[in-house]
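Notes to accompany the following structure.
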Amino acid sequence: MHYHPPILLWALYGLYMTSIPSLLLVGCGKMGGALLERWKQSAIAAQFDIIDPTHAQKNESNVHWHTSLDAIPATCSPSVVVLAVKPQQLAQLLPAYKIRFAKNPPLYISVAAGKTLSFYAAQLGEHAHVVRAMPNTPALVAQGMSVLCAASTLPASSRKIATDLLKSVGKCEWIDDEAKMDAVTAISGCGPAYVFLFIDSLVKAGVAMGLAEPLAKTLALQTISGSIELAAQSTRSLEQLRIDVASPGGATQAALDVLMKNGGLISLIRDAAEAAENRSQELSSDE
Ligand SMILES: NC(=O)c1ccc[n+]([C@@H]2O[C@H](COP(=O)([O-])OP(=O)(O)OC[C@H]3O[C@@H](n4cnc5c(N)ncnc54)[C@H](OP(=O)(O)O)[C@@H]3O)[C@@H](O)[C@H]2O)c1
């Protein structure tokens, strides 16, 4: 018997990957939009419905845009509902979803910062299947970092669906201690913003020293991605890798003396991450 290897591989992949009949995305802004883009490309669901009052795009054969829950057809019964609206909107919005999907309750995956599993249980019912997820925007280029948590009673099949969805946009980890989600938010959820600020600062410094902006951007991006690759592949510690660049009395050491003076960048980043963690905690106490 002859078979075509790629077809066989694809069939095996299909067996391994969860097949989601239909996914409803609620809120298609920066985060929801990044997830949707990758999910559409990897065809992880057979059918996508999206609710967003302002960001509607052209319908495709398996992608349908709606402006509100009331506007979706009565026949729409998603197996997964992904909540990607602002955290402050959820309390007002969820009761209608609970009623609408009462007959065939979906798996809810929420990416909202700060909203706890007990909040979702109060809004959607104690028995609702809910995953709390914290992804980040590099999901758009399949390099996201997502951390998930759920009640211990969540069925393994739902866990697998959530894992497959988030793995399709990058790396994915589960944590048992939900209290750590605020720290996760502060590090990987908000983290891309810190990194973009750092890259931009490096570009601006290059431009201030007379480099053309495109060249300064190339230098900054390649230096950062090269350093990330080196850090990921090397057995040396981050501290040692830094020391490897800086000969005593040299140019790098002159820069590090500025960056590390009185705690410098290390304490600045810690303060920044703590501010994000506190804000994430405040969002959950608004419940
Ligand atoms: N951005 C990130 O890097 C990031 C990372 C991790 C997690 N998150 C979480 O992701 C969620 C969304 O954040 P975001 O940055 O993507 O915000 P965003 O860009 O403002 O996206 C939210 C989207 O929801 C739409 N919307 C408002 N009311 C709605 C409703 N009733 N039904 C359906 N859609 C509605 C908004 O439309 P309008 O613009 O018209 O209001 C907007 O398009 C937040 O809970 C946030 O904590 C974000």
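Points to keep in mind about this one:
So that you can scan it fast, the table gives a plain yes or no per residue for (1) on the phi < 0 side of the Ramachandran plot; (2) within 14 Å of the ligand (Cβ to nearest atom); (3) of a type in the set (S, T, N, Q):
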| residue | (1), (2), (3) |
| --- | --- |
| 110 | yes, yes, yes |
| 124 | yes, no, no |
| 134 | yes, yes, no |
| 140 | yes, yes, no |
| 150 | yes, no, no |
| 154 | yes, no, no |
| 157 | yes, no, yes |
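- Listed here are the helices (runs of 4 or more DSSP H) enclosed by the range 208-285 that have at least 2 residues being modelled with pLDDT under 95 and closer than 24 Å to residue 180 by Cα: 264-285.
- If you go through the range 60-75 and pick out every residue that is over 18 Å from residue 106 (Cβ atoms) and away from the ligand (no atom under 16 Å from the Cβ), you end up with 2.
- Residue list for the range 140-166, filter: closer than 15 Å to residue 189 by Cβ and either surrounded by 20 or more Cβ atoms within 10 Å (Cβ to Cβ) or acidic (Asp, Glu) (or both): 144, 145, 146, 147, 148, 149, 166
- Candidate set from the range 92-111 (those that are touching a residue at least 40 places away in the same chain (Cβ under 8 Å) and touching a Lys or Arg at 6+ places or on another chain (Cβ under 9 Å)); member that is farthest from residue 188 (Cα to Cα): 109
- Residue in the range 166-180 that is of a type in the set (Val, Ile, Thr) and in contact with a Cys (Cβ under 7 Å, 6 or more places away or on another chain) present: yes
- Residue within the range 188-198 that is under 29 Å from residue 271 (Cβ atoms) and of a type in the set (S, T, N, Q) present: yes
- Failed item in (1) in contact (Cβ under 8 Å) with a residue 40 or more places away in the chain; (2) more than 9 Å from the ligand (Cβ to nearest atom); (3) not in a loop (DSSP other than H, G, I, E, B), with residue 34 passing the rest: (2)
- Flag if residue 37 is acidic (Asp, Glu), surrounded by 13 or more Cβ atoms within 10 Å (Cβ to Cβ) and at pLDDT below 95: yes
- If the condition is being in a strand (DSSP E or B) and closer than 19 Å to residue 157 by Cα, then the range 68-84 contributes 80, 81, 82.
- Annotation: of all residues in the range 76-92 being over 23 Å from residue 165 (Cα atoms) and within 10 Å of the ligand (Cβ to nearest atom), the one that is surrounded by the fewest Cβ atoms within 10 Å (Cβ to Cβ) is 92.
The values are calculated or read from the model by the stated rules, or taken from the named source; none is laboratory data. Because the structure is predicted, anything quoted here is derived from the model rather than measured. Cβ coordinates were reconstructed from backbone atoms using ideal geometry, including for glycine residues, and neighbour counts include every protein chain displayed.
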